[in-house]
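Enquirer: Can you read through this structure? Questions will come right after.
No value in this document is a laboratory result; all are computed from the given coordinates. Every value quoted in this text rests on a predicted model; they were computed, and no experiment measured them. Cβ sites come from the backbone with ideal geometry, for glycine too, and all protein chains shown count toward neighbours.
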Amino acid sequence: MQKRIRKAVFPVAGLGTRVLPATKTIPKEMLTVVDRPVLQHCVDEAREAGIEHFVFVTGRNKGVIEDHFDMAYEMEDMLQKRGKTKEYAALMADLPAAGATSFTRQQAPLGLGHAIWCARDIIGDEPFAVLLPDMITLPGERKSRCIGQCIEAFEKHGGNIIAVEEVPASETHLYGVVSVGDDHGHTFGISGMVEKPPQGTSPSNLIISGRYVLTPEIFKILETVEKGAGGEIQLTDGMKILSQHQAFHGVRFDGKTYDTGSKLGFLAANVAFAMARPDIAPGFLAELKKIIGSL
Ligand code: UTP
């Protein structure tokens, strides 16, 4: 019988150079979109999809991430004493169960493939989810969010799953791109993949958008894979090798993904997530209209 996806890996060891100077002392995963750290949005998505154990691959100067998923005793005590029950309940609802988080360090940012490999012992011999925390998602027509749709596809097809999204042809050189094999609409067989193809050589305009379900066989491959694009150990290169032995399926995520690792993406995410919040949207829209009206 197919093993259930219980664990998710969140690689959070990157340096976030694209959003400097914000990331000089604050990990980019802790920048806030509306009132939640980017990483919390991702953990919410994983939780909704049934993930029970959250594995964070962190790096130096990222200790605040570990603190965020722990109790904040003084704050909680003060909220209770001042009768701020709503705020207290909200913090408690976000707190992962004891033992449901693991933290390991990637000592040097050698690439996403290397970061995932650092989680090998914590994951063990079971298929697992990967969420790139700087990509945050809003749901579309289907109720489940992106990693939920990937897990549904895994339950149906097995193998390995990659979420993809369409981008204009002029942007494909910035991402990992897949080639489409057997096409079933929402899901399809992946017949090839390439990391950051030079402009004009991309096999499709479907980019790998930061959510995966992978089998544990990827770890052995990542151990030996050579440095690729940007001099980093690339997850895409590891997946390409794995695809010679195991099936890979693409999931066309029907919602919207925002890349908070870039300045524009981060700003767009704040607008979109604010507009998706019934308690904030009306007031925020009025402010937006004022700004736009004054341009
Ligand atoms: P990015 O390439 O977007 O992250 O990696 P980065 O290196 O922090 O970004 P810039 O280009 O310098 O702004 C995607 C994800 O993989 C993680 C990052 O933290 C991010 O969540 N990552 C990347 C690692 O954990 N380790 C690495 O060596 C590289």
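Enquirer: List the lysines whose Cα lies under 19 Å from the Cα of K143, skipping any in the same chain that are fewer than 8 positions away.
Expert: K156, K256
Enquirer: Follow-up question, since we're still on this one. Testing the spin-label approximation: label points 7 Å from Cα along Cα→Cβ at L264 and L91. State their distance in nm.
Expert: 3.9 nm
Enquirer: Give the whole-number value, in cubic angstrom per residue, of the convex hull volume spanned by the C-alpha atoms of the chain.
Expert: Each residue corresponds to 159 Å³ of Cα convex hull volume.
Enquirer: R277 versus D254, label points 7 Å from Cα toward the beta carbon: distance in nm?
Expert: Placing both labels 7 Å along Cα→Cβ, they lie 2.7 nm apart.
Enquirer: Right, another one. Treating cross-link reach as a plain straight distance, find the lysines whose alpha-carbon is under 24 Å from the alpha-carbon of K24, omitting any fewer than eight places away in the same chain.
Expert: K62, K263
Enquirer: In addition: Based on other C-beta atoms within 10 Å, arrange I280, I147 from fewest to most.
Expert: I280, I147
Enquirer: Rounded to the nearest Å, what's the spacing between the alpha carbon centres of region 164-216 and region 1-63? Just the number, please.
Expert: What the calculation gives is 23 Å, centre to centre.
Enquirer: Measure of size requested: the Rg and Dmax of region 1-72, with Cα atoms as the atom set and Å as the unit; please supply both.
Expert: Values for region 1-72 (Cα only, Rg and Dmax): 13.5, 49 Å.
Enquirer: Moving on. Could you list K84, K143 so that the one with the fewest beta carbons within 10 Å of its beta carbon is first and the one with the most is last?
Expert: Fewest-to-most ranking of K84, K143: K143, K84.
Enquirer: Going by alpha carbons, how many degrees (0 to 90, nearest 10) lie between the helix axis of 85-94 and the longest principal axis of the chain?
Expert: With rounding to tens, the tilt is 10 degrees.
Enquirer: Then there is this: Which of the aspartates and glutamates could be linked to K196 by a straight reach, that is with a Cα gap under 13 Å, when you skip same-chain ones fewer than 8 residues away?
Expert: E171, E232, D237
Enquirer: Measuring from label point to label point, each 7 Å out along Cα→Cβ, what is the S191 to R47 span in nm?
Expert: Taking the simple label geometry, S191 and R47 are separated by 4.2 nm.
Enquirer: Can you tell me the FRET efficiency between E171 and K81 if r is taken as the Cβ-Cβ distance and R0 is 51 Å, rounded to the nearest 0.05?
Expert: Result of the calculation: an efficiency of 0.50.
Enquirer: While we're here: Mind running the shape call on region 116-238? Use the C-alpha gyration tensor, a ≥ b ≥ c as the square roots of the eigenvalues: rounded below 1.5 for a/c, prolate if a/b tops b/c, oblate otherwise.
Expert: Note, shape of region 116-238 comes out oblate.
Enquirer: List the trypsin sites (Lys or Arg not before Pro) within region 10-44 that DSSP assigns to loop and that have no more than 11 neighbouring Cβ atoms inside 10 Å.
Expert: For trypsin sites (Lys or Arg not before Pro) across region 10-44 that sit outside H, G, I, E and B with at most 11 neighbouring Cβ atoms in 10 Å, the list reads K24.
Enquirer: Excluding K227 itself, calculate the net charge of residues whose Cβ lies under 15 Å from the Cβ of K227, where each Lys or Arg counts +1 and each Asp or Glu counts -1.
Expert: Once all neighbours under 15 Å are counted, the net charge is -3.
Enquirer: Additional query: Counting other C-beta atoms within 10 Å, which of S102, S294 has the fewest, and how do the rest follow?
Expert: In increasing order of surrounding Cβ atoms, one gets S294, S102.
Enquirer: Next question, about the same structure. To the nearest 10 degrees, how steeply does helix 263-275 sit against the main Cα axis of the chain, on a 0 to 90 scale?
Expert: In the chain, helix 263-275 runs at an angle near 60 degrees to the longest axis.
Enquirer: In degrees from 0 to 90, rounded to the nearest 10, what is the angle of the helix 281-293 Cα long axis to the longest principal axis of the chain?
Expert: With both axes taken from Cα atoms, the answer is about 80 degrees.
Enquirer: Also, I was wondering about something else. Of all DSSP beta bridges located in the chain, what percent are antiparallel, nearest 5? Could the numbers behind the result be given before it?
Expert: Numbers: 25 of 42 bridges.
Around 60 percent antiparallel, to the nearest 5.
Enquirer: Stokes-Einstein at 20 °C, 1.002 mPa s, Kirkwood radius from Cα pairs: D for region 158-295 in µm² s⁻¹? Write down the numbers at each step before the final one.
Expert: Values: Rh = 17.0 Å.
Roughly 126 µm²/s, to the nearest whole number.
Enquirer: Which residue fluctuates the most in the chain, going by a Gaussian network model with Cα springs under 10 Å, if the choices are V177, V19, V57?
Expert: V19
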